[in-house]
Structures are given as structure tokens and as C-alpha cells.
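The values are calculated or read from the model by the stated rules, or taken from the named source; none is laboratory data. This one's a predicted model, so the numbers in the text were calculated from it and none came from an experiment. When we count neighbours, we look across all protein chains shown, and the Cβ atoms used for this are built from the backbone with ideal geometry, even at glycine.
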Amino acid sequence: MRPGDLKRAWKAAGLTDVVQDMLTICMDFASFEDFWAPLEGKDGPYADYVRTLAPEAKAILRDKLRLDYVDGEADGRRSYAATSWVVRRTVPV
């Protein structure tokens with residue numbers, strides 16, 4: 001998504017006083033297993049994608065992500081920033 005896309009979509013849907021901003025949260029993980037668990041879950045686009053993979057492809061993805069996660073250090077706590085576009089609006093009466 002590009003800056004302004006979400007705002008334009010909401011305005012095109014008839015909403016008024018649309019304001020777009022960014023929201024950043026901290027995502028904390030206790031270990032790689034904690035990081036990986038949602039990818040094997042049932043909800044969200046990443047889990048949906050991982051479910052489509054053949055077992056060999058899933059193992060390759062897991063191994064590559066683990067290498068990135070540990071980044072040459074011991075497994076353990078990590079914290080990542082996640083930023084998303086957000087909007088607020090006024091519904092016309």
C-alpha cells in the first residue's frame with residue numbers, strides 16, 4: 001500500500017473527514033518458537049500462506065526465518081517494530 005491509498009479508498013466509499021496516519025507497535029517474542037507459532041496458526045495472511053506450502057518448502061522457510069531471527073546470536077528474546085497505515089473517519093448521516 002502506498003501513502004494515501006487507504007484514505008482514498010475510504011473516501012471513495014463515501015466516508016468523510018478521513019484522516020490517515022501510521023501506527024507503530026512493538027512485537028515482543030520470547031524465542032524463535034514464539035515468533036514461528038503464529039505462522040502455523042489458523043488466522044492471518046501469513047498463516048494462510050504457510051498452510052499452502054509443501055512440507056519441504058515449509059521446512060526451508062522455517063530454517064531461513066530462524067537464521068534471520070537468531071542472526072548469529074543465541075535464540076532468545078527479540079523485539080520488532082511493526083508499522084501499519086490507520087485511518088479514522090466520520091460516517092455521514
- Message: I'd like the residue in the stretch 37-83 that is surrounded by 11 or more Cβ atoms within 10 Å (Cβ to Cβ) and touching a strand residue (DSSP E or B) at 6+ places or on another chain (Cβ under 7 Å) and, out of all such residues, is nearest to residue 25 (Cα to Cα).
- Response: 80
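To keep it simple, each residue is scored yes or no on (1) modelled with pLDDT under 90; (2) within 26 Å of residue 93 (Cβ to Cβ).
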position: 1; (1), (2): yes, no
position: 8; (1), (2): no, yes
position: 23; (1), (2): no, no
position: 28; (1), (2): no, no
position: 31; (1), (2): no, no
position: 35; (1), (2): no, no
position: 39; (1), (2): no, no
position: 49; (1), (2): no, no
position: 52; (1), (2): no, no
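Test residue 86 against the criterion of being exposed (fewer than 14 other Cβ atoms within 10 Å of the Cβ) and not charged (D, E, K, R), and give yes or no. Talk me through it step by step, then tell me what you get.
Working: exposed (fewer than 14 other Cβ atoms within 10 Å of the Cβ): yes; not charged (D, E, K, R): yes.
Yes: the conditions hold for residue 86.
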